[in-house]
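The block underneath contains the structure these notes are about, expressed in structure tokens.
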Amino acid sequence: MTLTARAVVDLDVAGDTISPHLYGHFAEHLGRCIYGGFWVGEDSDIPNTAGIRQDVVDALKALNIPNLRWPGGCFADEYHWRDGIGPVQERPTMVNSHWGDVVEDNSFGTHEFMLLCEMLGAAPYVNGNVGSGTVQEMSEWVEYLTRADDSPMARLRRANGRDEPWRVPFWGIGNEAWGCGGNMRPEAYADEARRYSTFLRNHGDNTLYRIAAGAPDDDLSWTRALMQAVSCVDCQIKPESPIFQGVSFHYYTHAGAGINTESATEFTQEQFYGTLANAHDIERIISLHEAVMDSYDPERRVGLVCDEWGTWWNVEPGTNPGFLFQQNTVRDALVAGIHFDAFHRHAGRLTMANIAQTVNVLQAMILTDDEGGLILTPTYHVFEMNKNHQGATHVPAMVLDGPTVDVGDKKVPLVSMSASTSGGTALLSLTNGSIEDDLDLRIDLRGVSASVQRARVLSGQSPAAHNSSANPSAVAPVALAVGLVDGVLAVRLPAHAFATIELELGAPSF
Ligand code: AHR
């Protein structure tokens, strides 16, 4: 069967700017994300620059990664940054009790992370330790990284070989304070976030964007407590600027039975549609957090940050359950496409989002092996195909009379789309979420004349199709034929597919 739908895109109705940081990444000391993923060490036979795996960096540079969050996650609230500086042989070890209960040798620390960011061209997003750390420890880490003069921490950094301070724009105040970050109550953590923020100084011209750790999913008690703490609604004297600038939440997608319970590659039709239903739920969750934030902060001085998102399946058979290594299929690519469409629509409040995680963990871009093999996942291709949305202007894109599928009592849309314009070009992203039906989509491009520069589609033999060392390009973008007559695009998408259409824009059409 072939489904049909109509859509309209208002190319001349400028919405919010899509922050490049909605395409952010996350790398934790977890399984083989850092060790064996990004970091192989200088003595490795795998080509590297000062220990950082070169092919991983080269592949990621094509995504224009805007920022990289590190060192966790749950690991962040166990991590003591001084253990990861100075001569490598002298660095103490620790136990990574959250992730595999393995011994961490701290060979990848602050200097190595900052080099990685430089190589990627990504802004560092450092996540500090509230759960088992101190205000002084976190404050000194900021000083170590960003201070130029002869302060104690700047001197220590110089003794470790780095003269100039780095720029660190983003700072996380702990992680998941409701759980692994200390099992705190929202109000108690909100006070901690104020206290820590006070001592996270702007040194020189390095201005920090401080991000308070917020809710799991749609738990609004966290957003409410943090907004009360930052906006000071009942105070006579209001702070000139918010004491922290961002409030985060985390949201992981599963097929219906909960995270970490279902296979990445073997799933039923019901689980496929359950996954899409949960992916679409990101929009409801963002809207709820937004509504709370709007009521305290209508001027949008505080940003919403989704600094962990993505699918969370069972680990691949035979791998360490604590390492969260999972395969990545066409289904994961569709989850990414649906998330980005929602992120674009909420770009006025959502200032950052970070996929969990970049290499070898959860919904990764890249899977590596210890022999030097590297695979780009279907999710990687969505990030690459969508990259020109970064920094672009969101424009309205509406699917009219689109088909839906029933999941429980929900009607889940089978077609998802979003669009943006930038410097005389436009980018449309489209998802056909039908497991078996092609989609004939006609899109009325309104307001500006347009011509098609390039159209690409990403799909596979089945929604479970994925890349492997035996077949690394089973799921990769290919050219898509589209027609454009009198401002109406005619697109035929295969089943379970993600597509992008790049347009060159001309004169206003009226
Ligand atoms: O991304 C894996 C883990 O998921 C993170 O460490 C934690 O913040 C979340 O629960």
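No value in this document is a laboratory result; all are computed from the given coordinates. What you see is a predicted model; the values in this text were computed from it and never measured. Virtual Cβ from ideal backbone geometry, glycine too; neighbours counted across all protein chains shown.
Counting 0.36 nm for each residue step from R301 to D444 and taking away their Cα separation leaves a gain of 47.9 nm. With a/c under 1.5 counting as rounded, go ahead and sort the range 20-391 into rounded, prolate or oblate using the C-alpha gyration tensor (a ≥ b ≥ c being the square roots of the eigenvalues; past the cut-off, prolate if a/b is larger than b/c, else oblate). Oblate, because a/c is 1.5 or more while a/b does not exceed b/c. What aspartates and glutamates does K410 reach when the alpha-carbon gap must be under 15 Å and sequence neighbours fewer than 8 apart in one chain are set aside? Hits, sequence-local ones excluded: E270, D281, E283.
Counting charges near S462 (Lys, Arg +1; Asp, Glu -1) among other residues having Cβ under 14 Å from its Cβ returns a value of -3. The stretch between A490 and E90, if pulled fully straight at 0.36 nm per residue, gains 137.7 nm over its current Cα-Cα span. Each helix, a run of at least 4 DSSP H residues, gives -39500 (n - 2.57); summed and divided by the residues of the chain, these come to -7500 deg cm²/dmol at 222 nm.
As a rough guide to protection, the peptides 196-204, 359-367, 126-134 ranked by mean Cβ packing within 10 Å, highest first, stand as 359-367, 126-134, 196-204. Please state the shape class of the range 71-228: rounded when a/c is under 1.5, otherwise prolate if a/b exceeds b/c and oblate if not, all from the C-alpha gyration tensor. Here the range 71-228 falls in the oblate category.
With R₀ set to 30 Å, the beta-carbon distance separating H80 from A474 gives a calculated FRET efficiency near 0.10. When the chain is described by a simple charge dipole with +1 on each Lys and Arg Cβ and -1 on each Asp and Glu Cβ, the residue from G274, G36, L414 located farthest towards its positive end is L414. Ignoring the sites themselves, the chain has its longest run without GluC sites (Glu not before Pro) in a DSSP loop having at most 14 other Cβ atoms within 10 Å at 43-239. For the pair S451 and R195, a Förster radius of 41 Å applied to the C-beta separation gives a FRET efficiency near 0.15, rounded to the nearest 0.05. Taking Cα centre as origin and charging only the Cβ of basic (Lys, Arg, +1) and acidic (Asp, Glu, -1) residues, the dipole magnitude of the chain rounds to 980 debye. The R6 and E316 beta-carbon pair, evaluated with R₀ = 41 Å, returns a calculated FRET efficiency of approximately 0.50.
Put in line by how crowded their Cβ is, counting other Cβ atoms within 10 Å and starting with the fewest, W166, W141 read W166, W141. Counting only whole DSSP H helices of the chain, there are none at least 24 Å long by C-alpha along their axis and with mean Kyte-Doolittle hydropathy no lower than 1.0.
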